[in-house]
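This report refers to the structure that appears directly beneath it.
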Amino acid sequence: MINDKLLNPKSVVVVGGSDDVQKPGGKVLKNLIDSNFAGNLYVVNPKMDEVQGIKSFRTVEDLPQVDCAILAIAAKFCLQAVEVLTAEKATGGFIILSAGFSEENHEGAELEAKLVKVLNDAGASLIGPNCVGLLNQTYSGIFTTPIPQLDSMGIDFISGSGATAVFIMESAVPKGLRFSSVYSVGNSAQIGVEEILKHLDETYVHGKSAPVKLLYIENIDKPEMLYRHASSLIRKGAKIAAIKSGGSEAGSRAASSHTGALASPDVAVDALFRKAGIVRCNGRDELATVASVFMHPSPKGKNIAIITHAGGPAVMLTDSLSNGGLNIPHIEGEKANLLLEKLYGGSSVANPIDFLATGTAEQLGYIIDACENDFDNIDAMAVIFGSPGLFPVYDVYDLLDEKMKSCKKPIYPILPSVINVKDEIEHFIKKGRINFPDEVTFGNALCKVINTSAPQAEKIELPAVDIARIRKVIDNAADGYLNPAGVFELLDAAGIDRAFEQVVDNVEDALAFARKFGFPLVMKVVGPVHKSDVGGVVLNVKDEETVVREFDRLIKIKDTYAVLMGEMLKGTEVFIGAKREDKFGHMVLAGLGGIFIEVLHDVKTSISPVSADEAKYMIKNLKSYKIIEGVRGQEGVNQEVFADQIQRISALIEAAPEIFEMDLNPLLGNMKYVKAVDARIRIEK
């Protein structure tokens, strides 16, 4: 639990405060003074009796008791100050702005660890070190600008980077966004993004707490905590968007399996965010724009009316929304004709609704009223209205404000003339409104918000599997790839349907299998990792002569110690895989199988446990979904069975977390069955 003295202190000391407002210690003090901190404010400066009009003490030992300390001194002096403040001054909250800790070298990391131990022993809470501070409605413990307008129904913003926090606020404030709190966690020595999100979840009251949470994350150290509290917040009614940076480098590492190559840590982040219901953003302006969308009512559907007085922006917005899966439905009929009669000649109401550059505020009101009341195929309105600078547009923006108050359907104001009508936009924002300066950025953000699924259910039911049988195989297995017999046993215990198969090491047993199960058959080498690459797969074996000839050839391939005999199945090749990712647990992947997995890389990923809804989502959101459905006379794949097999793989790895990687590639699927015909399972205990 975060100590309340950090969040709501009645007294604050700036250790290292100065008159120089170009230094962190001076600027944070100025921000505290300018924001009219209501409590007692102190300074520690060994050379001064007064700093910026505030009484200064020469040492921390001279201070009275103080709730929260902001340290802007060299790293080497921080430990002694913290020891005195916790032991003698009952200080429970600390913000360490100073750098020179774990981000710098081993010695700094050791110093940071000592600091945290002192704080933990005292029950105190720390933001930082190496951060820009903490800003909330109690105090401005931050040394940067801008200081945004604070509003309890604004945004809670948590950032792993101080500079990035500043840049994101600089993108957000001109749009009209307001903040409830800003946390710059720096090195996250004691409290990181996850702990703050946990606090926000545990204290959230819908309608009274800030409804929007923004995250900038460089490292996810506790993904389970992040998922649990993000999904909980969203279920309660909050909305969350996040940037997770630094995902590209690790994703390029080599791997021994298809799953390993595809299941990079960044794929795990995508899966985690989707499972939690977090909107993932790729840049600062996108994050601020998604937050702006969040601040409007949610549309009930995907049908958008574009209302504009300029053709080009409407075309670009139409492209953006359409490419993102939203609809710009055609508007026609008697009521559309009545609306058109109220507009200037040359206008169009087909959607986009273009009422020309000469359009008036009165005409905009007619259009909005028609979209609100007359056109049932409209769920939300995007209004584009700028100015060439010929005349003021206060009347248009005032009307927009009034209609946004009275309409039930969301209205998104896109006001692109940030220079020509700068004063009018500021006037609009002062009413508590938000501006979307760019129509394409808005369109992309709206698509992301609408297309992000709700969080998965708190309790996920998986198919029943034979756990005792699974554990027996795992407990007796060594690290590395399981032998085929072990693989078969695990698949059978998990209820994964598979082809009739048998591993043989002599031609007599190969012939016996053929005589028992009949033709056609498939024969594969056992030993080499990539069987196709070494010519180790023979399909459609139709007679005993071919069995003898191909067995003799296959057994001689390098690293081969046996041959796998199997029934020849027909169907579309699909794929299911699993991979254990550090900290995230297991990822489950599904897509088209065979060589297509290497060519198309068309897979969807979820983090185990995988719900039935998630499994179906994975299948239906494949780019190759039309093939799964069945296309041009080809039989499709039974999606219920495919989804069940995905869930069974999830159940298997929940029962056997020692499974590091597994590939079922391919499974052959048709409308009757989805059967595994090749599988590899790698154990790491």
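The values are calculated or read from the model by the stated rules, or taken from the named source; none is laboratory data. Since this is a predicted model, take the numbers as computed values, not measurements. We place every Cβ from the backbone using ideal geometry, glycine too, and count neighbours over all the protein chains shown.
Name every residue in segment 201-215 that is out of contact with any Phe, Trp or Tyr (no Cβ under 6 Å at 6 or more places or on another chain) and surrounded by 24 or more Cβ atoms within 10 Å (Cβ to Cβ), in order of residue number. Selection gives K213, L215. Checking each residue of segment 571-585 against the condition of being more than 30 Å from L272 (Cβ to Cβ) and surrounded by fewer than 21 Cβ atoms within 10 Å (Cβ to Cβ) gives no match.
The residues of segment 101-124 that are within 31 Å of the chain's Cα centre (by Cα) and within 18 Å of G162 (Cβ to Cβ), listed by number, are F101, S102, E103, E104, E112.
In segment 588-601, the residues that are under 13 Å from S624 (Cα atoms) form Cβ pairs under 6 Å with partners that are modelled with pLDDT under 90 and in a helix (DSSP H, G or I), at six or more places apart or across chains, as follows: I597/H258. Applying the condition of being modelled with pLDDT of 95 or more and of a type in the set (S, T, N, Q) to segment 465-511 and asking which residue is farthest from the chain's Cα centre (by Cα) yields N506. Among the residues of segment 120-144, the one identified as in a helix (DSSP H, G or I) and either within 13 Å of G186 (Cα to Cα) or of a type in the set (D, E) (or both) is D121.
The set of residues from segment 540-554 being in contact (Cβ under 8 Å) with a residue 24 or more places away in the chain and assigned to a loop (DSSP other than H, G, I, E, B) comprises just one member, D543.
Screening segment 426-510 for helices (runs of 4 or more DSSP H) wholly inside it with 2 or more residues that are of a type in the set (D, E) returns the ranges 484-494. When the helices (runs of 4 or more DSSP H) confined to segment 275-359 are screened for residues that are in contact with a strand residue (DSSP E or B) (Cβ under 6 Å, 6 or more places away or on another chain), those reaching at least 2 such residues are found at 284-294, 311-323. Within segment 87-104, residues that are over 15 Å from S184 (Cβ atoms) reach partners that are part of a loop (DSSP other than H, G, I, E, B) with beta carbons closer than 6 Å, at six or more positions or on different chains, in the pairs K89/L63; K89/Q65; K89/V66; A90/Q65; T91/V66; G92/N3; G92/A124; S102/N187.
Looking at the structure I just gave you, is P211 at pLDDT below 95 and farther than 30 Å from E581 by Cα? The answer is no for P211. Going by what's in this entry, would S184 be described as in contact (Cβ under 8 Å) with a residue 24 or more places away in the chain, under 20 Å from A75 (Cα atoms), buried (at least 21 other Cβ atoms within 10 Å of the Cβ) and of a type in the set (S, T, N, Q)? Against the criterion (in contact (Cβ under 8 Å) with a residue 24 or more places away in the chain, under 20 Å from A75 (Cα atoms), buried (at least 21 other Cβ atoms within 10 Å of the Cβ) and of a type in the set (S, T, N, Q)), S184 qualifies. Take the conditions in contact with a Pro (Cβ under 6 Å, 6 or more places away or on another chain), in contact (Cβ under 8 Å) with a residue 12 or more places away in the chain and among the basic types (K, R) and apply them to K531. Does it pass? No: the conditions fail for K531.
The residues listed here are I460, I467, I425, I419; of these, the one that is surrounded by 18 or more Cβ atoms within 10 Å (Cβ to Cβ) and out of contact with any Cys (no Cβ under 6 Å at 6 or more places or on another chain) is I425. In this structure, is G237 surrounded by fewer than 19 Cβ atoms within 10 Å (Cβ to Cβ) and at pLDDT 95 or above? Spelling it out, G237 is indeed surrounded by fewer than 19 Cβ atoms within 10 Å (Cβ to Cβ) and at pLDDT 95 or above.
All of (1) farther than 18 Å from E661 by Cα; (2) in contact with a Phe, Trp or Tyr (Cβ under 9 Å, 6 or more places away or on another chain); (3) loosely packed, with under 14 Cβ neighbours inside 10 Å hold for D479 with one exception: (1). Within segment 140-147, the presence of at least one residue that is modelled with pLDDT under 95, among the hydrophobic types (A, V, I, L, M, F, W, C), in contact with a helix residue (DSSP H, G or I) (Cβ under 9 Å, 6 or more places away or on another chain) and surrounded by fewer than 23 Cβ atoms within 10 Å (Cβ to Cβ) is confirmed.
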